[in-house]
Amino acid sequence: ATYYAVKIAEMRHLPKKFMNQIAHMSILHDIGKIGISENILKKSEKLNDEEYFQIKTHPEIGEKILSHINFFNSGLLYIRHHHERYDGYGYPDGLSGKNIPVGARIICVADSYDAMTSDRPYRKGLSAEVSILEMVKNAGSQFDPEVVETFIRILKDENIF
């Protein structure tokens, strides 16, 4: 996810400082999962409501873990908000559209692609084509449509899609 997050930032001509933040935060975006039970993280069946609630706390846990390290302070909101949805139905704060920090919107797209194309205990990874179609379908609701558009250009440039 880090590679694509940085490529998206580059293609959007974001400042070098921002690309460094994106690189660090995309590596660490799920650090809060260390506070989640391994039984939940490795569960092969559908999560129940309580387990899903626990999973949804990982962005806040990650923000708290890294908040003690000054080097990361300017990028903490990327970790906190990488599961926000463009339509406002995400978590933890229900932010929408441009109210979601651009770094979080970028990490969301790069991480979602990585998650969709990777094997999980509960399913096989999807193909690049199916994953991209899913992202296009959800651009404007789950994902920032401009970030999705940039990401697709990257995949086309790399002959992946």
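Cβ-Cβ contacts under 6 Å between residues 6 or more apart (or on different chains), taken from a first residue in the stretch 50-72 that is free of Cβ contacts under 8 Å to residues at least 24 places away in the same chain to a second residue that is surrounded by fewer than 19 Cβ atoms within 10 Å (Cβ to Cβ) and among the aliphatic types (A, V, I, L, M), are listed as 51/40; 54/36; 54/40.
Here residue 15 passes the criteria (1) at pLDDT 95 or above; (2) under 24 Å from residue 156 (Cα atoms); (3) open to solvent by 40 Å² or more (accessible area, probe 1.4 Å) except the one numbered (1). When residue 144 is tested against (1) touching a residue at least 40 places away in the same chain (Cβ under 8 Å); (2) closer than 12 Å to residue 11 by Cβ, exactly one condition is not met: (2). Tell me yes or no: at least one residue of the stretch 14-25 is closer than 30 Å to residue 133 by Cβ, hydrophobic (A, V, I, L, M, F, W, C) and part of a loop (DSSP other than H, G, I, E, B). Checked the stretch 14-25: at least one residue is closer than 30 Å to residue 133 by Cβ, hydrophobic (A, V, I, L, M, F, W, C) and part of a loop (DSSP other than H, G, I, E, B).
The values are calculated or read from the model by the stated rules, or taken from the named source; none is laboratory data. As the structure is a prediction and not an experimental result, all values here were calculated from the model. Note that each Cβ is placed from the backbone with ideal geometry, even for glycine, and that neighbours are counted across all protein chains shown. Side chains are part of the model used for accessible areas, which takes the heavy atoms of the whole protein and leaves out ligands, DNA and RNA. Shrake-Rupley method; radii C 1.70, N 1.55, O 1.52, S 1.80 Å.
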